[in-house]
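Inspection log for the structure reproduced underneath, given as structure tokens.
Bear in mind these aren't lab numbers, they're just calculated from the coordinates by the rules spelled out. Bear in mind that the values here come from a model prediction, so they are computed numbers and not experimental data. Quick reminder, even Gly has a Cβ in these numbers, built from the backbone with ideal geometry, and neighbours come from all protein chains shown.
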Amino acid sequence: MKITESRHFNYWTRAAMIGAVYAILTIAFAPISYGMVQVRIAEMLLVLAFFTTAAIPGLFVGTFIANLFGGIGILDIVFGSLATLLSAYMVSKISNKYLAPLPPVIINALIVGWVLHYVLNLPFYLTAVWVGIGQMIACYGLGLPLLLFLEKRKHIFD
């Protein structure tokens, strides 16, 4: 196998593994992964886009699969997955490790907050704040320590 083929394979293998872990974590912690008050533990994995762009499609597909089990419907499946796609892309463009967890907090608070507002007929600002708080816990409380841990082991992503 050529080196370029091997790297291409590794990219998609990493993407698939990241997506699988995201979906499994979200579904395993379902009671706190869905709804207006949620701390989706798998959101900590968005910091992986800081190290590898393979996280972008992986997290998108993982979110899509996880949202199939969420019970909120097609709007959450589509827009929740797109929110993760946009968040992961934005994380990949950030160079400051302390700001890397921020895009998922803001993007999900707004997009998932809107979805919950629309589907569940809840006040938008309230849903956005609750989703944002859950995202802060997942992305900064869990994701930032993960990022700092992985930063010392960058060779994992080579």
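So what is the relative contact order of the chain, in percent, for Cα pairs below 8 Å that sit 6 or more residues apart? List each step's numbers first, then the result.
Numbers: 249 pairs, mean separation 41.0, N = 158.
Rounded, it is 26 percent for the chain.
I need the semi-axes of the equivalent ellipsoid of the chain: take the C-alpha gyration tensor, multiply each eigenvalue by 5, square-root it, list largest first in whole angstrom.
Details: eigenvalues 146, 57, 30 Å².
Those come to 27, 17, 12 Å.
On a C-alpha basis, how far is the centre of the stretch 20-84 from the centre of the stretch 105-153 in Å? Whole number, if you could?
First find each Cα centre; the distance between them is then 11 Å.
Under DSSP H, which helices of the chain have Cα atoms covering 15 Å or more of the helix axis and a Kyte-Doolittle average no less than -1.0?
Details: long enough: 3-28 (37 Å, 0.53); 55-68 (19 Å, 1.67); 81-93 (19 Å, 0.98); 102-120 (26 Å, 1.83); 124-136 (18 Å, 1.23).
Answer set is 3-28, 55-68, 81-93, 102-120, 124-136.
Given springs between every Cα pair under 10 Å in a Gaussian network model of the chain, which of Leu99, Leu48, Leu110 has the largest fluctuation?
Sorting by GNM fluctuation, first place goes to Leu99.
If packing is taken as the average count of other Cβ atoms within 10 Å, what order do 11-20, 35-44 fall into, highest mean first? Show your work: numbers first, answer last.
Values: 11-20: 17.2, 35-44: 21.3.
Most protected by this proxy first, the peptides run 35-44, 11-20.
For the stretch 109-158, what's the radius of gyration and Dmax over Cα atoms, in angstrom?
15.6, 47
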